[in-house]
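Notes follow the structure.
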Amino acid sequence: MIENEIDLSVPFLLPRFSLRGRLVRLQNLNEEILSQHDYPDPTAKVFAEFLAAAATLASLLKYKGVFTLQTKTAGPLHLVVIDVTHEGNIRGYAQLKPHAIITDDTFQELVGKGYLAFTVDQGLKVDRYQGIVSLDHETLPHALEHYFQQSEQLGTKIFIASEKTVEGAWKSSALLLQQMPSKKVDEETWNYIESIFATLASKELLDFSIDYEKLLYRLFHEGDVTVFDPVPFKAKCRCSRERIKAFLSTLSSEEIETLLEKGHLKMTCEFCNHLYEFDRSDLMTVH
């Protein structure tokens, strides 16, 4: 069992209902990623929900590479990018218009109209998988449910919640139920699942002191819930001095010279905000 039962995805099955599921809990990971940026609370709340969504979607897939969730919209929170590697390393950042954000903005008001795309990049030898869904829905779960129903023909129900703790950190959680690709779930079962989700409160989903197995059994014991070993996540950026130098090696000496300021070049990773500094002698060796 993973320490503190946080920063993980718990796979489970409801064999009686022909449904598969994921329960995701994130806290330390959220704190580390959000501490690297100074987002206002409304943005941090929605960003924490996107982190939970990305972890949930990535945990549904079998891949070796990078799963990326990205939004591009017209709202104050106009860009979100989150990467999840097959090893469970997560990083992310957002771009926003701070002065346009109001404390009580809803998800729809913050994000505005646009799209959400998710891709799986497994290298040059494997075709890239991509899914796109419009973000003209009231909530993020509604948008994702619509995608799975329309594009994948998989009935799906998702609950996502986030909150700020008394210590000032953000926690988020997601609960997903989805029909098996080879099974048809009847309307009566979906009505039953809808009734469970209707009574599920954000407070209950975000109470990480409750053992995840106990929570899942309490919610879905009538489906003969079977819980599997959790998959851990951690916050980890992939930037490095070597990767930046590898990128700079694709530029000509003249192009590098134009980037220098008083013989120095400063580059900041958008994901983790780490500052890298190079002088002319460093950069002339990349060729």
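Please compute, over every Cα-Cα pair in the range 176-219, the percentage with a separation greater than 13 angstrom. Working shown, then result.
Working: 608 of 946 pairs.
Percent of Cα pairs beyond 13 Å in the range 176-219: 64.
Where nothing but the Cβ of Lys and Arg (+1) and of Asp and Glu (-1) is charged, how large is the charge dipole of the range 199-268 around its Cα centre, in debye to the nearest 20?
Charge dipole, the range 199-268, about its Cα centre: 400 debye, nearest 20.
Among 43-52, 5-14, 99-108, 220-229, how do they line up by average Cβ neighbours within 10 Å per residue, starting with the highest?
Most protected by this proxy first, the peptides run 43-52, 5-14, 220-229, 99-108.
Going by the alpha-carbon gyration tensor, a ≥ b ≥ c the square roots of its eigenvalues, is the range 1-44 rounded (a/c under 1.5) or, if a/c is not under 1.5, prolate (a/b greater than b/c) versus oblate?
Working: a/c = 5.46, a/b = 2.17, b/c = 2.51.
Because a/c hits 1.5 or more and a/b fails to exceed b/c, the range 1-44 counts as oblate.
What translational D, rounded to a whole number of µm²/s, comes out for the chain from Stokes-Einstein when the hydrodynamic radius is the Kirkwood one over Cα pairs, at 10 °C and 1.306 mPa s?
78 µm²/s
Using the heavy atoms of the protein chains and a 1.4 angstrom probe, tell me the accessible area per residue for the range 226-287 in square angstrom.
Value returned for the range 226-287: 67 Å² of accessible area per residue.
What residue among 108, 269, 206 has its Cα farthest toward the positive end of the dipole of the chain, where the charges are +1 on Lys, Arg and -1 on Asp, Glu, each on the Cβ?
Farthest towards the positive pole: 269.
Stokes-Einstein at 4 °C, 1.567 mPa s, Kirkwood radius from Cα pairs: D for the range 35-163 in µm² s⁻¹?
Translational diffusion coefficient: 86 µm²/s.
Summing Lys, Arg as +1 and Asp, Glu as -1, what charge do residues with Cβ under 12 Å from the Cβ of residue 194 carry, residue 194 excluded?
Around residue 194, the charge tally is -2.
Go through 73, 237, 141 and say which Cα lies farthest out towards the positive end of the charge dipole of the chain; charges sit on Cβ, +1 for Lys and Arg, -1 for Asp and Glu.
237
Could you state the number of Å between the C-alpha centres of the range 152-202 and the range 90-109?
23 Å
Need one number: convex hull volume per residue for the range 177-287, Cα atoms only, in Å³. Each step should come with its number before you reach the end.
On the way: hull volume 24.9 nm³, N = 111.
It comes to 224 Å³ per residue, whole-number rounded.
Using a ≥ b ≥ c from the Cα gyration tensor of the range 120-243 (square roots of the eigenvalues), is it rounded, prolate or oblate, where a/c under 1.5 gives rounded and otherwise the larger of a/b and b/c decides, a/b for prolate?
oblate
In the range 1-140, what is the count of Lys pairs whose alpha carbons are under 29 Å apart, counting only pairs at least 8 residues apart or on separate chains?
Total qualifying Lys-Lys pairs in the range 1-140 comes to 12.
Per-residue ellipticity at 222 nm for the chain, helices alone: DSSP H runs ≥ 4 residues times -39500 (n - 2.57), over residue total, nearest 500 deg cm²/dmol? Display every interim value, and only then the final one.
Numbers: 10 runs with 89 residues, N = 287.
Value at 222 nm, helices only: -8500 deg cm²/dmol.
For the range 137-239, give the magnitude of the charge dipole about the Cα centre (Cβ charges: +1 Lys/Arg, -1 Asp/Glu; no others), in debye to the nearest 20.
580 debye
Which order do 61, 23 take by accessible area at a 1.4 Å probe, largest first?
From most accessible down to least: 61, 23.
If each of residue 186 and residue 217 carries a label point 7 Å out from its Cα toward its Cβ, how far apart are those two points in nm?
Simple spin-label model gives 2.8 nm for this pair.
Which of the peptides 64-76, 258-270 is most tightly packed, and how do the rest follow, judged by the mean count of other Cβ atoms within 10 Å per residue? Please list the in-between numbers first.
Numbers: 64-76: 18.2, 258-270: 12.7.
Per-residue mean Cβ counts within 10 Å order the peptides as 64-76, 258-270.
Assign unit charges at the C-beta atoms only (+1 for Lys and Arg, -1 for Asp and Glu), then state the dipole size of the chain relative to its Cα centre in Debye, rounded to the nearest 20.
660 debye
If you take every residue apart from residue 260 with its C-beta less than 13 Å away from the C-beta of residue 260, what net charge results, scoring Lys and Arg +1 and Asp and Glu -1?
-4
Within the range 144-287, how many Lys pairs sit with Cα atoms under 22 Å apart, leaving out pairs fewer than 8 places apart on the same chain?
The result is 17.
The values are calculated or read from the model by the stated rules, or taken from the named source; none is laboratory data. All figures in this text were calculated on a predicted structure; none of them were measured in a lab. Cβ sites come from the backbone with ideal geometry, for glycine too, and all protein chains shown count toward neighbours. Keep in mind that these areas ignore ligands, DNA and RNA; they rest on the heavy atoms of the full protein, side chains included. Shrake-Rupley method; radii C 1.70, N 1.55, O 1.52, S 1.80 Å.
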